[in-house]
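Structure, as structure tokens:
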Amino acid sequence: MYSPKRPGPDTPSALPRRPTTTYAHGASGRDWRTADSRTEAALGLATRSDHAEAYASLLLVDPLVASRAIYTGEVLTGTVTAAPDRGVYVIAASHPLTRFRQDQKVTGWIGPPSLGAKSRKHLVRNAVVTATSINARGDLQVTIGKTVCTGARVGQRLLDVGATVTLRPARTDLFMQQRACTALRRRYTHDGNWLAGRGRQEPKRRDVPLDIVIAAAED
């Protein structure tokens with residue numbers, strides 16, 4: 001069990017988003033009591049969505065959160081059962097639940113989810129989920145490829161059959177979020193964008209997959 005009196009590692013803070021948050025929330029002098037324009041409302045929504053995504057990603061650094069996330073499928077832990085090729089590993093999950101999908105990028109560490117951040121000397125990076133399946137015994141198996149392990153000595157193979165590994169979704173790139181939101185602000189304020197009131201939105205017809213139509217009808 002974890003001691004509530006023992007301080008854990010600091011969660012890394014998000015990068016400043018001044019080009020987007022300042023504009024969206026009016027910290028540069030705009031009266032906050034006035035109603036947002038369509039552009040400001042759209043930018044505020046995008047910024048809050050990015051912050052929520054980044055916060056959820058940063059929380060998985062905490063070993064307690066990572067241990068809990070196993071039961072929601074956000075984190076997967078298990079044992080390596082096969083290594084058929086270089087950088088390819090088959091993992092038998094300890095719980096038959098995962099939200100990982102094919103071609104999803106994942107990262108993690110060698111060891112159980114309860115391993116503290118300072119104790120994670122061997123990290124799993126740049127891995128991609130290549131397959132998920134249920135074997136005849138009902139065990140969940142996840143195959144990852146393009147795996148790179150850090151902290152290994154020359155000739156040392158960290159991930160081998162029998163090793164325990166914990167995987168989580170790839171961390172949110174805060175810098176890329178900042179760049180994307182800055183580009184979004186420029187696009188929203190560009191001439192011809194209907195959000196900025198400089199153009200006219202015209203309805204367009206296109207084919208929509210059946211599952212999206214059903215989901216929209218249920219909502």
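Please give the number of the condition ALA163 fails out of (1) under 30 Å from GLY44 (Cβ atoms); (2) modelled with pLDDT of 85 or more.
Only one criterion is unmet by ALA163, namely (1).
Pairs under 7 Å by beta carbon, first residue under 21 Å from SER37 (Cβ atoms) in the range 193-218, partner among the small types (Gly, Ala, Ser) and at pLDDT below 70, six or more apart or different chains?
ASN193/GLY199; ARG198/GLY192; GLY199/GLY192
Quick test for you: out of VAL129, VAL124, VAL90, pick the one residue that is of a type in the set (A, V, I, L, M), over 15 Å from VAL75 (Cβ atoms) and out of contact with any helix residue (DSSP H, G or I) (no Cβ under 9 Å at 6 or more places or on another chain).
From the options VAL129, VAL124, VAL90, the qualifying one is VAL90.
Which one of these is within 15 Å of GLY108 (Cα to Cα) and of a type outside the set (Lys, Arg): LEU60, LEU43?
Only one candidate passes the filter, namely LEU60.
Taking the stated definitions as given, is VAL65 surrounded by fewer than 18 Cβ atoms within 10 Å (Cβ to Cβ), modelled with pLDDT of 80 or more and touching a Lys or Arg at 6+ places or on another chain (Cβ under 6 Å)?
No.
Is it fair to say LEU97 is of a type outside the set (Gly, Ala, Ser), crowded, with 18+ Cβ neighbours inside 10 Å and modelled with pLDDT of 90 or more?
No; evaluated as a whole, the condition is false for this residue.
Among ARG200, ARG168, ARG187, ARG206, which is the only one that is closer than 30 Å to THR47 by Cα and modelled with pLDDT of 85 or more?
Matching residue, one of ARG200, ARG168, ARG187, ARG206: ARG168.
Scan the range 71-79 and give yes if some residue there is among the charged types (D, E, K, R), under 13 Å from the mean Cα position of the chain (by Cα), under 30 Å from GLY138 (Cβ atoms) and modelled with pLDDT of 90 or more, otherwise no.
Checked the range 71-79: at least one residue is among the charged types (D, E, K, R), under 13 Å from the mean Cα position of the chain (by Cα), under 30 Å from GLY138 (Cβ atoms) and modelled with pLDDT of 90 or more.
Could you tell me whether the range 162-183 includes any residue that is touching a helix residue (DSSP H, G or I) at 6+ places or on another chain (Cβ under 7 Å), among the small types (Gly, Ala, Ser) and not in a strand (DSSP E or B)?
Within the range 162-183, not a single residue is touching a helix residue (DSSP H, G or I) at 6+ places or on another chain (Cβ under 7 Å), among the small types (Gly, Ala, Ser) and not in a strand (DSSP E or B).
Is one or more of the residues making up the range 108-124 surrounded by 15 or more Cβ atoms within 10 Å (Cβ to Cβ) and polar (S, T, N, Q)?
no
The values are calculated or read from the model by the stated rules, or taken from the named source; none is laboratory data. Just so it is clear, the structure is predicted and the values come from calculations on it, not from any experiment. Positions of Cβ are backbone-derived with ideal geometry, glycine not excepted, and every protein chain shown enters the neighbour counts.
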